[in-house]
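The values are calculated or read from the model by the stated rules, or taken from the named source; none is laboratory data. Just so we're clear, the structure is a prediction, and the values are computed from it rather than from any experiment. Note: ideal-geometry Cβ built from the backbone for every residue, glycine included; neighbour counts use all protein chains shown. Ligands, DNA and RNA are excluded from the accessible area calculation, which covers all protein heavy atoms including side chains. Shrake-Rupley method; radii C 1.70, N 1.55, O 1.52, S 1.80 Å.
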Amino acid sequence: MTIAAYFSPANAKRLIVKIGSALLVDAKGAIRRDWLAGVVADIAARARAGQQVAIVSSGAIALGARRLGLPKGGRASLEDAQAAAATGQIGLSHAWAELLGAQGLTAAQILVTLDDLEDRRRYLNAAATLDRLLALGVVPIINENDSVATEEIRFGDNDRLAARIGQAARADGVILLSDVDGLYTANPSVDPNATLIPEIRSIDARIMAMADGGSASGMGSGGMISKLQAAKIAVGSGIHLAIVSGKRDDPLAAFEADGRGTLFLGGDRKSAGGGARKAWIAGRLTARGRIKVDAGAAEALRAGRSLLAAGATEVTGTFARGDVVEIIDGAGAVLARGLAEYDAADAARIAGHRSAAHAELLGYAPRSALVHRDHLVLA
């Protein structure tokens, strides 16, 4: 069985396909329409076979920069990127809608910001919209809303966005079409002895060390590091993720035929991440605050226990009850993420104190933990 079999219509009801700027837009800033038509034909074939497909499409900034005559591909400044995105998104959406329509498929556009998927209520709203569109046979075209995103609140690359959309859509697989054909043991443009890794079951420090953070084309915003970060989000939700070359015609059909790429296995969905809420927590890219803990508390967390106030040594940040916080050890390494049971001021008030003292310190009946194990995920 080739690795592409994990994404065949027979066993993958929902699939997210991410397309990078370097594939979709040529060096002059125009859409590679013939290539895109081949991708759409692939999607149509999958739709006819019963698979539901959503697309995370880059390219708006590169396309808009050409139309506006902006330097550096529209990335000379945040303002240029926002203007280019606003202009390019119209042409990008039109191309997708026209080509999908020619195949008898309906396109829908969804633009999201980081906050839309980091806020639990907005995340659930986005998930409901995706679910309904896919159930109706529509092909959602998703992109980061770069026209309003800022440097502080943005994904920064569509690899991680694709993984988060995979979570929200409850997808079975994510395919990252890229200008590289997978993860190599070393950078193949530098090391001629580098070899492609076809399958990865655990993303550890050794795997992360193989990544190169640069974008090969200079047009996109990601690199292999962002793809590995996306893979960690996906597999944490039991979703398979593949990095596949898009530098050939009909890339999805080609991948299904030869399976060339790197597959990150998502494992058992029922046990991955401990449920939808925990997967959402694990996949978040931001946290509202941090709680530093002592060695005893760190050991208890690794054993699957809740974080008690007695083990906390420092509370930083501004957060409310229910916000996501990071739990760090004495050296600052992230041990876990979870939903705070107290706001920052009250958490700081009881940090380091045993449960018997909490009621007097707080002035109200205390809760059982700073972060309960049911709302906590190890890093």
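Would you mind finding the one in ALA216, ALA242, ALA234 that is at pLDDT 90 or above, surrounded by 15 or more Cβ atoms within 10 Å (Cβ to Cβ) and not in a strand (DSSP E or B)?
ALA234
Scan the stretch 110-127 residue by residue and report those that are open to solvent by less than 70 Å² (accessible area, probe 1.4 Å), in a helix (DSSP H, G or I) and not aliphatic (A, V, I, L, M).
If the condition is that a residue be open to solvent by less than 70 Å² (accessible area, probe 1.4 Å), in a helix (DSSP H, G or I) and not aliphatic (A, V, I, L, M), then ASP115, ASP116, GLU118, ARG120, TYR123 are the ones that fit.
State all residues of the stretch 322-379 that are under 30 Å from SER202 (Cα atoms) and assigned to a helix (DSSP H, G or I); if no residue qualifies, say none.
Matches in the stretch 322-379: ARG373, ASP374, HIS375.
Of the numbered conditions (1) at negative phi; (2) without any contact (Cβ under 8 Å) to a residue 24 or more places away in the chain, ARG354 fails exactly one; give the number of that condition.
(2)
Based on what the data block shows, is ASP181 in contact with a Gly (Cβ under 8 Å, 6 or more places away or on another chain), acidic (Asp, Glu) and assigned to a loop (DSSP other than H, G, I, E, B)? Show your work before the answer.
Working: in contact with a Gly (Cβ under 8 Å, 6 or more places away or on another chain): yes; acidic (Asp, Glu): yes; assigned to a loop (DSSP other than H, G, I, E, B): yes.
So ASP181 passes the test.
Residue-by-condition table, conditions (1) in contact (Cβ under 8 Å) with a residue 40 or more places away in the chain; (2) open to solvent by 40 Å² or more (accessible area, probe 1.4 Å); (3) closer than 25 Å to SER178 by Cβ:
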site	(1), (2), (3)
LEU68	no, yes, no
LYS72	no, yes, yes
LEU92	yes, no, yes
ALA108	no, no, yes
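Take the stretch 326-340 and flag every residue that is under 14 Å from ASP374 (Cα atoms) and either open to solvent by 40 Å² or more (accessible area, probe 1.4 Å) or not small (Gly, Ala, Ser) (or both). Full working, then the answer.
Start the filter on the stretch 326-340 by keeping residues that are under 14 Å from ASP374 (Cα atoms), which leaves 336-340.
Within the stretch 326-340, ARG337, LEU339 qualify.
Please go through the stretch 74-90 and pick out each residue that is free of Cβ contacts under 8 Å to residues at least 12 places away in the same chain and either outside any loop (DSSP other than H, G, I, E, B) or open to solvent by less than 20 Å² (accessible area, probe 1.4 Å) (or both).
GLU79, ILE90
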